[in-house]
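Take a look at the structure below.
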Amino acid sequence: MSSGTITADAAGTWELGDLSVHRVGLGAMRLTGSAAFHLGTPSDRDRSIAVLRGAVDLGVNHIDTAAFYFSSLRSANELINSALAPYPDDLVIVTKVGPYRTWSGEWGTSARPDELRGHVEENLRQLGRDHLDVVNLRRMSQDSIAEHFGALAELREAGLIRHLGLSNVEARHLAEAQAIAPVVCVQNRYALDRPDPAGDGLLRRCGEQGIAFVPFYAVAGEGAQHGATGAHDEEVLAVARAHGATPAQIRIAWTLHQGPHVLVIPGTGDPGHLAQNVAAGALRLTGDELNRLDRRRRAAG
């Protein structure tokens, strides 16, 4: 398909609490370079800033980031601040805490509950904000998230955070968090060729409760943080040909078709890919095409 001047509103909107966002957003991790978590080749600064400004020009008003998204010369939060501040009134910046990295890029252990305030304040400082729109607690290996989520709920009450979400969780963690404070989104790994380990039931449960389900690596698949997969089977390629679209666009469209509460946050440092990702929000797959892709997914699972 031709991306033309298709904007993010083509995908529709969803509410993160009282914040309305277009269902196609932007993940900021890949703005920092070829391998943000492994200190690979840093990105071109001007190009990354152009992607951020281009995203806003295309109507993207949901950006996903984290203080631990950085490469040897680039910080996602600093790029966002430099490119977009003063921020548009409708821009929603979602960040996450839980994991952390040292100044040298090495991963630390999961943050303790009493350390989360410092991590929230670091995101505030880097973004130049007096509050964070949405903060996701990224669960690491802990069985219970009550203490960590409770610490974030206290920061919400203090006005540092507007809304809370979860990442990398199971249904029981969602229930545990909801007993403490409202949850506006769940961010789990989910893709056409990689079902969520927590099962499709969590996606459906979020829909029933009006909670956004936000897959990460929906386009990358098994490529994960290293970028979009180049492995596309015939079903994906056939649907792409039928729509004059790229396989990545079909992956985005399929994800959006999983429910009106499902959002996508594909990451890219390429202005051309950005326009294609946004344009994928206008794709409408037929019932037969969805069935073909679902059969392929069940076979992969």
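Dipole magnitude of the chain about its Cα centre, charges +1 at Lys/Arg Cβ and -1 at Asp/Glu Cβ only, in debye to the nearest 20?
Details: 29 positive and 35 negative charges, 104 e Å.
Charge dipole of the chain: 500 debye, to the nearest 20.
In deg cm²/dmol and to the nearest 500, what is the mean residue ellipticity at 222 nm of the chain if only DSSP H runs of at least 4 residues count, each as -39500 (n - 2.57), divided by the residue total? Walk me through the numbers on the way to the answer.
Working: 10 runs with 107 residues, N = 301.
The helix contribution divided over the chain gives -10500 deg cm²/dmol.
Mean-square fluctuations from a GNM of the chain, with a 10 angstrom spring cutoff on Cα atoms, peak among 41, 95, 286 at 286.
Among the chymotrypsin sites (Phe, Trp or Tyr not before Pro) in segment 47-151, which ones are in a DSSP loop with at most 15 other Cβ atoms within 10 Å of the Cβ? Mind listing them? Mind showing how you got there, number by number?
Working: sites: 68, 69, 70, 100, 103, 107, 149; in loops: 68, 69, 100, 103.
Passing both the DSSP loop test and the Cβ count: 103.
Cut-off 10 angstrom, C-alpha nodes, Gaussian network model of the chain. Which of 182, 88, 271 fluctuates the most? Among 182, 88, 271, the largest mean-square fluctuation in the Gaussian network model of the chain belongs to 88.
Out of every Cα pair in segment 1-142, what percent are spaced more than 21 Å from each other? Let's see the in-between values first.
Numbers: 4458 of 10011 pairs.
Across segment 1-142, Cα pairs with separations above 21 Å total 45 percent.
Restricting segment 234-301 to trypsin sites (Lys or Arg not before Pro) that sit in a DSSP loop and have at most 15 other Cβ atoms within 10 Å of their own Cβ leaves 284.
Along each principal axis, taking the top coordinate minus the bottom one, the Cα set of segment 95-226 gives 37, 36, 27 Å in descending order. Once you have a ≥ b ≥ c as the square roots of the Cα gyration tensor eigenvalues for segment 91-158, tell me rounded if a/c is under 1.5, and otherwise prolate or oblate according to whether a/b is larger than b/c. Taking the square roots of the gyration eigenvalues as a ≥ b ≥ c, segment 91-158 is oblate. Taken about its Cα centre, segment 46-158 carries a charge dipole of about 320 debye when Lys and Arg each add +1 at the Cβ and Asp and Glu each add -1 at the Cβ. Of the options (i) -0.24, -0.88; (ii) -0.33, -0.97; (iii) -0.28, -0.97, only one is log10 I(q)/I(0) by the Debye sum over Cα atoms at q = 0.07, 0.13 Å⁻¹ as computed from these coordinates, and that is (i).
Restricting attention to segment 73-153, which trypsin sites (Lys or Arg not before Pro) occupy a DSSP loop and are surrounded by at most 13 other Cβ atoms within 10 Å?
Numbers: sites: 74, 96, 101, 117, 125, 129, 138, 139; in loops: 74, 129, 139.
Answer in residue order: no site qualifies.
Measure nothing fancy, just the Cα-based angle from helix 200-209's long axis to the longest principal axis of the chain, in degrees from 0 to 90, nearest 10. Compared with the principal axis, the helix lies near 70 degrees.
Taken together, the values in this text are just the output of simple stated rules run on the coordinates, not laboratory data. Being a predicted model, the structure only gives us computed values, none of them experimental. Methodologically, a virtual Cβ is constructed for each residue, glycine included, from the backbone with ideal geometry; neighbour enumeration extends over all protein chains shown.
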